[in-house]
Amino acid sequence: MTHHKLALGWLGWLALSLSTPGIGAEAAPAGASSPVVSAVDPASIEALKKMGAHLQTLKRFQVRTELSSETVLDDGQKLQQSSSAEIQVQRPNQLRAMMWSARAVRELIYQDKTATLYTPALKYYATAEVADNIGGMIDQLEARYGVQVPLSDLFLWGTAAAPLDQIESAMNAGQDIIGRDLCDHYAFRQGKIDWQIWMTTGEAPLPRKLVITNRADEARPQSVSYLAWNLKPTFKDTVFKFTPPSDAQAIGIRPLNPR
Amino acid sequence: MQKSLSKLFLAPLGALLLASFALAPVADARERGGGGRQVSHDGGPRGGGRDLQVNNSRRDVRTNNVRNTSVNNVNVNRNVNVDVDRHGGWNNNYHPVATAAAVTATVAVTAAVVGSIVRSVPPNCSPYSYNGISYQRCGSTWYQPQYVGGDVQYVVINAPY
């Protein structure tokens, strides 16, 4: 009984504090005024620029990503799926991507002007002629065939393909720790997409975490990626050359808009 | 062949959507067959869990009721700065159209309408190569594998000979 009364008393206090500004613990101290902030914080945009410029200087590296993404069911319930990918990169025109999940294992091998898609379990592969640079390859694979390259953002930030002048809101969300790395956390809003990035603090910023929220759906499906970097990779250039296994078969790739 | 293939691509969109994709678990089963998942590449990354066997036979059918607005955004710049039709991310998630059409697709598989596309072929199929082109022959029904986006799918075709 005593407990019951206590609980009621606590609830009453809670209701009071919630309904009366200035009484709750969260209330701002008297005299403090929030600083005027613009929707787009210039320093946050600058941080993106700096990270993009740094990414463009990386010539040879390896990155692995662990991705959780969501699909929304008819009733708004969300399901989260897990996927992984690893890319090996040699700028300007060599890349190998391996993608694996419970749904599929796939590879993309790109060298010079040739991109090859390979599905190991089926032993099928397809080749497409593409641009002689990674950014162009990414753009063409998606535009022509609807093929998305994992971690493509890494090659677009710091280029004209990732304009920053359309961002409607940008803010510094403080610092956070991802794995063992101290990171600066930024949040952006553009159109129906909200996104957040955690980049390592310092002069050589690398993205360590990325969150994308789709506001076009009221359930707001979200994807979360953790990136692990290796800037001194040990892979050899042979990884960029696709030699089909003897029992593999070449098949076609369907253009998005065949004419 | 090229000519007839391009004709196939022009199959009415409705039929294509209805028949585009079979149930994802079926696709999983297909990929487990034969060569399995053990792949070795010189110097290639070793994916964790690549040798694991996935069994989705107990998955609730309600997980297929994905709404049309469910869009998988996994890359920032391709989503905010490029005005192109989204085809799902690299992570091969269940496509909204795919899952909405899943039940219909199984019917389409049975009917094997020429020009329709499925994500997997029935278990009784065997690979067949003719004039340098790869097919899957399943009784009297022929499929031609092709990449659609990053995934292999199969177009129902007329017998090649």
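Throughout, read-outs are computed from the coordinates displayed, never taken from laboratory work. This is a predicted model, so every value here is computed, not measured. Here the Cβ positions follow ideal geometry from the backbone for every residue, glycine too, while neighbour counts run over all protein chains shown.
Counting other beta carbons within 10 Å of each residue's own, what order do A:T159, A:T213 fall into, fewest first? Don't jump to the answer; show the numbers that get you there.
Working: A:T159 14, A:T213 20.
Final ranking by Cβ density, sparse to dense: A:T159, A:T213.
Report ³J(HN,Hα) in whole Hz for each residue of segment A:199-214, in order, from the Karplus equation J = 6.51 cos²θ - 1.76 cosθ + 1.60 where θ = phi - 60°; Gly and Pro get x.
With coefficients 6.51, -1.76 and 1.60, one gets 10, 4, 6, x, 7, 10, x, 10, x, 10, 8, 9, 10, 10, 10, 8 Hz.
Could you put B:V155, B:V74, A:V37 in order, starting from the residue whose Cβ has the fewest other Cβ atoms within 10 Å?
Ordered by Cβ neighbours within 10 Å, fewest first: A:V37, B:V155, B:V74.
Give me A:I87, A:I178, B:I117 ranked fewest to most by other Cβ atoms within 10 Å of their Cβ, as a rough exposure proxy.
With the fewest neighbours first, A:I87, A:I178, B:I117 line up as A:I178, A:I87, B:I117.
Please compute, over every Cα-Cα pair in segment A:147-259, the percentage with a separation greater than 17 angstrom.
70
Considering only lysines 8 or more places apart in sequence, or on different chains, count the pairs in chain A whose C-alpha atoms sit under 23 Å apart.
So the count works out to 20.
How far, in nm, would the chain grow between A:K241 and A:T57 when pulled straight, counting 0.36 nm per residue and subtracting the alpha carbon separation?
So the extension gain works out to 63.9 nm.
Out of all Cα-Cα pairs in chain A, roughly what percent, to the nearest whole number, are more than 35 Å apart?
Percent of Cα pairs beyond 35 Å in chain A: 31.
Which cross-chain or sequence-distant (5 or more) residues have an amide H under 5 Å from the amide H of A:R220, H modelled 1.01 Å from N in plane?
none
What nm value, rounded to one decimal, do you get for the distance between A:I177 and A:L231 when each label is placed 7 Å out toward the C-beta?
2.1
To the nearest 500 deg cm²/dmol, what mean residue ellipticity at 222 nm is calculated for chain A from DSSP H runs of n ≥ 4 alone, each contributing -39,500 (n - 2.57), summed and divided by the residues?
-6000 deg cm²/dmol
Between B:Y128 and B:V61, 0.36 nm times their residue separation minus their Cα-Cα distance comes to what?
Full-extension gain reported as 20.8 nm.
If R₀ is 35 angstrom, what is the calculated FRET efficiency for the pair A:R220 and B:V114, using the beta carbon separation as r and rounding to 0.05?
Given R0 = 35 Å and the Cβ-Cβ separation, E is 0.25.
Taking a virtual spin label 7 Å from the Cα of A:S38 along the C-beta vector, which residues in segment A:171-188 bring their backbone nitrogen under 13 Å of it?
Once the point is set 7 Å along Cα→Cβ of A:S38, A:171 turn out to lie under 13 Å by backbone N, inside segment A:171-188.
Enumerate the calculated ³J(HN,Hα) couplings along segment A:133-149 in order (Karplus 6.51 cos²θ - 1.76 cosθ + 1.60, θ = phi - 60°), each rounded to whole Hz, writing x wherever the residue is Gly or Pro.
8, 4, x, x, 4, 4, 5, 5, 4, 6, 5, 8, 10, x, 9, 9, 8
For segment A:40-127, just the Cα atoms, rotate onto the principal axes and tell me the three extents in Å, largest first.
46, 45, 18
If we sort B:59-70, A:56-67 on the protection proxy, mean other Cβ atoms within 10 Å, highest first, what's the order?
A:56-67, B:59-70
Could you give log10 I(q)/I(0) at q = 0.16, 0.17 Å⁻¹ for segment A:93-154, computed by the Debye formula over C-alpha point scatterers of equal weight, without solvent?
Per q value, in the given order, log10 I(q)/I(0) is -0.47, -0.53.
Could you pull the Cα extents of segment A:54-177 along its three principal axes, largest to smallest, in whole Å?
Extents along the principal axes: 41, 38, 29 Å.
So if I take the centroid of the Cα atoms in segment A:109-188 and the same for segment A:71-95, what is the distance between those two points in Å?
Going from one Cα centre to the other spans 11 Å.
Just in segment A:165-195: which trypsin sites (Lys or Arg not before Pro) are loop by DSSP and have at most 13 other Cβ atoms within 10 Å? The partial results should precede the final answer.
Numbers: sites: A:R180, A:R189, A:K192; in loops: A:R180, A:K192.
Listed in order of number, the matching sites are A:R180.
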